Every structure is written in C-alpha cells, then in structure tokens.
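Report on one structure; see the data block that follows.
Values in this text are rule-based calculations from the coordinates and carry no lab data. Just so it is clear, the structure is predicted and the values come from calculations on it, not from any experiment. Positions of Cβ are backbone-derived with ideal geometry, glycine not excepted, and every protein chain shown enters the neighbour counts.
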Amino acid sequence: MPARNLFLSSILCLGFVAMAMPASAQDADLCLTTAERAASGEELDGDEKTKAHEACLRALSDTASVVQKYQFQEADFAIMGTHHKF
C-alpha cells in the first residue's frame with residue numbers, strides 16, 4: 001500500500017512540474033533565430049514575419065524573466081521593424 005501511495009504522489013508531482021514548464025521552447029527559438037536572420041540582412045516574406053512575430057509574443061507572455069522579455073521585444077522589433085504597443 002505505501003508503494004502505491006508513493007507512486008501516485010510521484011505521478012501527481014510530475015504533473016505539476018509539467019504544467020509549470022514553458023508552453024513551447026520552439027516559440028523562443030523561432031523568435032530569436034528569425035530575428036538573427038533579419039538582422040543579418042536576409043529578406044523575410046510576410047508569412048515568416050507573421051509566424052515569428054506570433055512566436056515572439058507567445059514567448060514573451062510565457063516568460064517571467066525581465067531579461068528574456070527584453071530580448072524577445074528586441075527580436076520582435078528586428079523582425080517587424082516596429083515596436084509592439086502593449
């Protein structure tokens with residue numbers, strides 16, 4: 001019986017840890033890599049800009065770090081060319 005309780009409590013804890021993780025690290029990666037491409041002078045089409053802009057906004061809302069928020073805002077500026085009004 002104690003082993004069963006330990007197993008169930010560990011499953012419950014893992015569920016809480018999974019919920020605390022960021023929604024998608026892919027959003028941050030897409031945002032930052034697209035910003036690097038734009039900063040290096042590569043021409044981006046409208047669909048790429050839109051997807052990267054949306055990824056930047058999701059990554060921005062998912063993080064609590066002030067430094068990362070600044071990085072995502074600057075990346076979004078590099079992609080879109082304008083500052084987003086919050």
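Remarks
- Förster radius 25 Å - calculated FRET efficiency between GLU43 and GLU74 (Cβ-Cβ, nearest 0.05): 0.80
- For region 35-46, backbone phi angles converted through the Karplus equation (6.51, -1.76, 1.60; θ = phi - 60°) give residue-by-residue couplings of 5, 5, 4, 5, 5, 7, x, 5, 7, 10, 7, x Hz, Gly and Pro being listed as x.
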